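To start, the structure itself, in structure tokens.
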Amino acid sequence: MAALAVVLGLVLLTITRAGYVYWIHRKSVRRVARPSSTSTCAVSVFLGSGGHTTEALQLVAGLDGSRYNIRAFIFSAGDSLSVQRASSLSGSATQLIEIPRARRVHQPLSTVPRTFFLSLFGTIRLVVPRAGQTPLGDILLMNGPGTCVVLCACVWIARFVGWPTPRMVYVESFARVTSLSLSGKILSPFVDRFIVQWPQLASRSRFAEHRGWLI
Amino acid sequence: MSPRSAFLTVGATAPFDALLSAVLDDDALRALRDKGYTHLEVQCGKTQLPDLAQVSSAPWHTQRQGVDISLWDFKSSLSEDIKRADLVISHAGSGTIVDVLRLGKALIVVPNTALLHNHQEEVARALHERRHLISCSVPDVARAIRDLDTSSLIPFPAFDGSEFQTILDEEMGFI
């Protein structure tokens, strides 16, 4: 009986804490102006392979290097091509981080829970702060596919625990004109900025912001 | 009219034999020749067409309907072939579309309707509506070539990273 009460109590606490953390982040105002104009922001970029990698690399290629540095390129296990392609944008301090895939291309959705959790265990180290710094930096940029959901889940676990986390920016692919991708649909309530590139998509999610063609 | 060259690419991910057959058909080849495209470069990918059984990475040359044709299966980069072409006919992969349009080439795009969950059509149709390219179905390729008026195509905007930078600047409090 007492054990049941404890379990229920813990569950309630967890739900309350999760709800509070989520609410705080949804309502969070933009960060205050950076105190020093010389400080740069660290960006980590998830490369989802193929067209996702192409678009992600294009997006960061145009960033002002005096404000943004690329701290890390994160790629899925087995995607060495993305690593090669990122090399021209990688500075000497840029980390290349490999994480397990949440879902292989065309993997049946019924088998995804298992690979999702394996990927989660293999990715959680990315949100554990070291020497007060979060390995993912100030911004985590994602554009699909499924492994982004794992990254996002890890960031929320870190927020739940109270660790510092990056702002998550998701940019839906240029190829998505009238319908959102599956990862986009799942992630839109859970990222800090959900950007779409075509006006027709703005109405597909109340979190979507249409900012035109970014690629 | 100075000799012009066309480039056909079916992509590297999925085969697209229907498009290959349509462009290598006499009708389409005559349309190309009549528009002054006397050379056709073809990236045919993994094809099962019996005619093309001997195609590999080494270009196989032939001539049909007055058009010199060069066929090969894959290359690590298509940018040289795109740059050399005056007209590109392509599958509707968005990466290829953007590459071709940014190189300022006239583009006829053919979505592969045999693909599952095909959202290739979305971007092809949207860009066709904005007149950046011509999108057509496989059976209409010859007609699209014949009716092509490159002067009516609107140039695709160059990459401008400022809006994306603005989004990050907003997040980081720079603005």
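The values are calculated or read from the model by the stated rules, or taken from the named source; none is laboratory data. All values reported here derive from a predicted model rather than from experimental measurement. Here Cβ is always computed from backbone atoms with ideal geometry, including for glycine, and neighbour counts include all displayed protein chains. Heavy atoms of the whole protein, side chains included, go into the accessibility calculation; ligands, DNA and RNA do not. Shrake-Rupley method; radii C 1.70, N 1.55, O 1.52, S 1.80 Å.
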- Task: With just the Cα atoms of chain B, tell me how far they stretch along each of the three principal axes, in Å, largest first.
- Result: 61, 34, 28
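Suppose all protein chains stay in the model; what accessible area per residue would a 1.4 Å probe give for region A:1-104, in Å²? Intermediate values should be presented prior to the final figure.
Details: 6040 Å² over 104 residues.
The answer is 58 Å² per residue.
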- Task: Give me the distance between the Cα centres of region A:102-154 and region A:160-199, rounded to whole Å.
- Result: 14
- Neighbourhood charge, 10 Å Cβ-Cβ cut-off, centred on B:I167 and excluding it, Lys, Arg +1 and Asp, Glu -1: -3
- By the gyration tensor of its Cα atoms, with a ≥ b ≥ c the square roots of the eigenvalues, what is the shape of region A:73-215: rounded for a/c under 1.5, prolate for a/b over b/c, or oblate? rounded
- For the protein assembly as shown, the Rg and Dmax computed from alpha carbons only, in angstrom: 24.1, 91
- Just from its helices, what would the mean residue ellipticity at 222 nm be for the protein assembly as shown, if runs of 4 or more DSSP H residues each count -39500 (n - 2.57) and the sum is divided by every residue, rounded to the nearest 500 deg cm²/dmol? -10500 deg cm²/dmol
- Task: Considering Cα pairs under 8 angstrom that are at least six residues apart, work out the relative contact order of chain B and quote it in whole percent.
- Result: 22
- Add +1 for every Lys or Arg and -1 for every Asp or Glu among the other residues with Cβ under 13 Å from the Cβ of A:S49, and state the total. +1
- Query: Looking at region B:1-96, which chymotrypsin sites (Phe, Trp or Tyr not before Pro) are in a loop (DSSP not H, G, I, E or B) and have at most 14 other Cβ atoms within 10 Å?
  - Reply: B:F74
- Query: Which FRET efficiency value, to the nearest 0.05, is calculated for A:L10 and A:V83 with the Förster distance at 45 angstrom and r the Cβ-Cβ distance?
  - Reply: 0.60
- Using only the Cα atoms of region B:28-107, what do you get for the radius of gyration and for Dmax, in Å? 12.9, 35
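Would you calculate the convex hull of the Cα atoms in region A:1-145 and tell me its volume per residue in Å³?
Once divided by residue count, the hull of region A:1-145 is 170 Å³.
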